[in-house]
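Notes follow the structure.
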Amino acid sequence: MSTPSSPSKQKEMGRPVSIVGTGSFLPRRVLTNADLEKIVDTSDEWITTRTGIKERRIAQPNKATSDMAAEAALKALQDAKIGAEEVDLLICATITPDMPFPSTACFIQKKIGAHNAACFDIGAACSGFLYALKVAKQFIATGAAETVLVIGAEKLSSAVDWTDRNTCVLFGDAAGAAVLRSVPGRRGVIATEMGSDGRQTDILCLPGGGSKHPITAENIVDKLHTIKMAGKETYKFAVTVMQSAALKLLKKAGVDSSEIALVIPHQANLRIIESLADKLDLPREKFFVNLDKYGNTSAASVAVALDEASKSGRLKSGDLVLLVAFGAGLTWAATILEW
């Protein structure tokens, strides 16, 4: 758990930091629950009742995470009316990188022409985009950077065991991006919170491909290169930590939940989102939900939802927005910002 001396407890100071542009990319291919019924022993009723997911997007075999990320990044830059050469720092949150190294951020840099940026990846699973937002805020608030491009992108279809009905129904591919700058006179990102509990590393993981379980023929046969999840344990953790992170951040920011215009939670499970709404005593209408269309897209989840909320008119200037997520690690993060 986070300790009193961790960065998440320190008072946030420095220049104000705002999101000045967003973008997202979704693959064209739609994989419905009916399609999955032909692959594994499942049903639309079973999936919808337990998760709220109806369909998800699947990237083409020749599309890498960086390809989707670059598309989202260019849209975000266009939305912000900023050229790629103006980006000082490019952060990609992903657990499905193009390859172990170089970083996926460097591949994105090459594809969008952000040649003046320093680049690195963040691996915090579904909390990754909000982790990256916090890092970006610190760079800008301290004056270490002027323009930061933050991207959450995942090709989870490349890591799914399509014979495991408990996990293959959950995940999809997507990318979302945001451009951050200091804008005088705007509060922007008001407060952030993040934390981890490494005691829970085994309940949601991808065991193979690293130094512990290098790629071997035996490991592939054992499917160590695919996502493993203890569903009940993950669900319990998610419900608890999403609620505690949100409540803690509201108190930290001095904001009452009734002041929040829109909550954009990690899109993993509808029941988790409904439980959060009850805990915050907020109507369901204040929660942005798109997991029925895309499923769980990990680090891309909140980023895509934020872009869709913005483009669809759900966000107005001055609105207070709560972003909250949990992920493997186990990790959690939350952000309150003024739109």
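A few notes on this one:
- Lone qualifier among 261, 300 - being under 23 Å from residue 25 (Cβ atoms), of a type outside the set (Val, Ile, Thr) and touching a strand residue (DSSP E or B) at 6+ places or on another chain (Cβ under 6 Å): 300
- Residue count for segment 162-213, restricted to those that are over 18 Å from residue 229 (Cα atoms) and of a type in the set (A, V, I, L, M): 11
- Check on residue 146, at pLDDT 95 or above, over 19 Å from the mean Cα position of the chain (by Cα) and within 30 Å of residue 318 (Cα to Cα): yes
- When the test is whether a residue is closer than 19 Å to residue 188 by Cα and either in contact (Cβ under 8 Å) with a residue 60 or more places away in the chain or buried (at least 17 other Cβ atoms within 10 Å of the Cβ) (or both), residue 249 passes it.
- Single residue of segment 302-335 satisfying the filter (β-branched (Val, Ile, Thr) and closer than 19 Å to residue 93 by Cα) that is surrounded by the fewest Cβ atoms within 10 Å (Cβ to Cβ): 331
- Annotation note: Cβ proximity below 8 Å between a residue of segment 27-42 that is in contact (Cβ under 8 Å) with a residue 60 or more places away in the chain and in the same structural domain as residue 60 (by TED's automatic domain parsing) and a residue that is of a type in the set (Ser, Thr, Tyr) and not in a loop (DSSP other than H, G, I, E, B) (sequence gap 6+ or interchain) occurs for 33/48.
- Residue among 80, 64, 93 that alone is farther than 22 Å from residue 308 by Cα and either of a type in the set (Lys, Arg) or in contact with a strand residue (DSSP E or B) (Cβ under 8 Å, 6 or more places away or on another chain) (or both): 64
- Residue count for segment 282-339 under the criterion of being in contact with a Leu (Cβ under 8 Å, 6 or more places away or on another chain) and within 19 Å of residue 252 (Cα to Cα): the result is 14.
- Listed by first and then second residue, the pairs with beta-carbon distance under 9 Å, at least 6 apart or on different chains, first residue in segment 69-86 and surrounded by fewer than 20 Cβ atoms within 10 Å (Cβ to Cβ), second of a type in the set (Asp, Glu), are 79/307; 86/146.
- Candidates are the residues of segment 149-188 that are among the hydrophobic types (A, V, I, L, M, F, W, C) and in contact with a Pro (Cβ under 8 Å, 6 or more places away or on another chain); the one that is farthest from residue 317 (Cα to Cα) is 174.
- Set 210, 195: member being in a loop (DSSP other than H, G, I, E, B) and either buried (at least 17 other Cβ atoms within 10 Å of the Cβ) or not basic (Lys, Arg) (or both): 210
- A Cβ distance below 8 Å, combined with a sequence gap of six or more or placement on separate chains, defines the contacts here; from segment 190-219, residues that are under 25 Å from residue 99 (Cα atoms) and assigned by TED's automatic domain parsing to the domain that holds residue 247 reach residues that are surrounded by 15 or more Cβ atoms within 10 Å (Cβ to Cβ) and among the charged types (D, E, K, R) in the pairs 204/228; 205/228; 206/228; 207/228.
- Summed over segment 224-243, residues that are of a type in the set (Gly, Ala, Ser) and free of Cβ contacts under 8 Å to residues at least 40 places away in the same chain total 1.
- Check on residue 236, in a helix (DSSP H, G or I), outside the structural domain of residue 167 (by TED's automatic domain parsing) and either basic (Lys, Arg) or at positive phi (or both): yes
The values are calculated or read from the model by the stated rules, or taken from the named source; none is laboratory data. Computed from a predicted model, the values in this text were never measured in an experiment. Note that each Cβ is placed from the backbone with ideal geometry, even for glycine, and that neighbours are counted across all protein chains shown.
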